[in-house]
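*Asks:* My questions all concern the structure below.
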Amino acid sequence: MKKIAHIGIAVSNLDEVIPFYRDQLGLTFNGTEVVASENVKVAFFKIGESAIELLEPLNEQSPIAKFIAKKGEGIHHIALDVDDIHQRLNHLKEQGVPLIHEDPKEGAHQNQVAFLHPKAAQGVLFELCEQKQEDD
């Protein structure tokens with residue numbers, strides 16, 4: 001694990017929440033993006049080497065909509081930056097760590113992502129995130 005890539009926060013409405021992070025906290029707003037695989041719209045704010053990711057559900061099938069319905073708005077996950085997500089997932093699987101995704105899928109910024117099951121970490125949802133490699 002290299003660093004905390006971002007902290008994901010579930011929100012009901014990005015337009016209502018963005019001004020707090022941008023204007024009151026003074027974080028650098030890096031725009032929004034739709035992540036179709038998760039049925040969410042995300043907004044990113046840079047903070048040091050990490051980021052805060054706000055997640056708004058696009059529909060009731062979104063895992064974020066289900067999270068908000070069950071637990072309310074708030075911290076959803078902690079994303080960890082890794083170099084080789086396939087190797088890391090295989091290693092965790094060999095150690096018996098329960099995974100939500102055994103294979104990575106495309107997340108925001110075309111990164112490869114996979115989630116560990118929260119029962120692996122006393123209720124904390126961790127996301128592994130391998131940054132998209134830039135073409136030289």
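*Asks:* Of the conditions (1) free of Cβ contacts under 8 Å to residues at least 24 places away in the same chain; (2) more than 15 Å from LYS2 (Cα to Cα), GLN87 clears all except one; give me its number.
*Replies:* (2)
*Asks:* Does ILE75 satisfy the condition of being within 19 Å of LYS132 (Cβ to Cβ) and out of contact with any His (no Cβ under 8 Å at 6 or more places or on another chain)? Reasoning before the result, please.
*Replies:* Values: within 19 Å of LYS132 (Cβ to Cβ): no; out of contact with any His (no Cβ under 8 Å at 6 or more places or on another chain): yes.
So ILE75 fails the test.
*Asks:* Right, another one. Failed condition for LYS46, given (1) surrounded by 12 or more Cβ atoms within 10 Å (Cβ to Cβ); (2) free of Cβ contacts under 8 Å to residues at least 12 places away in the same chain; (3) among the basic types (Lys, Arg), with all others met?
*Replies:* (2)
*Asks:* How about segment 100-136: which of its residues are at negative phi, surrounded by 13 or more Cβ atoms within 10 Å (Cβ to Cβ) and part of a helix (DSSP H, G or I)?
*Replies:* Passing the criteria: ALA108, PRO118, ALA120, ALA121.
*Asks:* Select from segment 1-22 the residues that are touching a strand residue (DSSP E or B) at 6+ places or on another chain (Cβ under 9 Å) and either surrounded by fewer than 15 Cβ atoms within 10 Å (Cβ to Cβ) or free of Cβ contacts under 8 Å to residues at least 40 places away in the same chain (or both) and list them in ascending order.
*Replies:* As a first pass, look at segment 1-22 and keep what is touching a strand residue (DSSP E or B) at 6+ places or on another chain (Cβ under 9 Å): 1-15, 17-18, 21-22.
MET1, LYS2, LYS3, SER12, ASN13, ASP15, VAL17, ILE18, TYR21, ARG22, listed by residue number.
*Asks:* So which residues in segment 68-91 are over 13 Å from the mean Cα position of the chain (by Cα), surrounded by 11 or more Cβ atoms within 10 Å (Cβ to Cβ) and within 19 Å of VAL17 (Cα to Cα)?
*Replies:* ILE68, LYS71, GLU73
*Asks:* Take the residues of segment 23-43 that are touching a Phe, Trp or Tyr at 6+ places or on another chain (Cβ under 9 Å) and closer than 20 Å to GLN112 by Cβ: which is surrounded by the fewest Cβ atoms within 10 Å (Cβ to Cβ)? Give the steps one after another, and end with the answer.
*Replies:* Within segment 23-43, the first condition is being touching a Phe, Trp or Tyr at 6+ places or on another chain (Cβ under 9 Å), and the residues that meet it are 25, 27-33, 43.
Those still in the list that are closer than 20 Å to GLN112 by Cβ too: 30, 33.
Numbers: ASN30: 13, GLU33: 15.
Ranking the qualifying residues of segment 23-43, first place goes to ASN30.
*Asks:* Every residue in segment 26-43 that is of a type in the set (A, V, I, L, M) and either closer than 12 Å to ILE64 by Cα or touching a residue at least 12 places away in the same chain (Cβ under 8 Å) (or both), please. If you could, list the steps in order and put the result at the bottom.
*Replies:* Here is the first cut: in segment 26-43, the ones of a type in the set (A, V, I, L, M) are 27, 34-36, 40, 42-43.
Matches in segment 26-43: LEU27, VAL34, VAL35, VAL40, VAL42, ALA43.
*Asks:* Mind checking which residues of segment 39-92 are assigned to a strand (DSSP E or B), β-branched (Val, Ile, Thr) and out of contact with any Lys or Arg (no Cβ under 9 Å at 6 or more places or on another chain)?
*Replies:* Initial filter on segment 39-92 (assigned to a strand (DSSP E or B)): 40-47, 50-57, 74-81.
Okay, now just the ones that are also β-branched (Val, Ile, Thr), so 40, 42, 47, 52, 75, 78.
The answer is VAL40, VAL42, ILE47, ILE75, ILE78.
A short reminder: the numbers here are calculations on the coordinates, not readings from a lab. Since we're looking at a predicted model, the values are computed, not measured. Please note: Cβ atoms are built from the backbone with ideal geometry, for glycine as well, and neighbour counts cover all protein chains shown.
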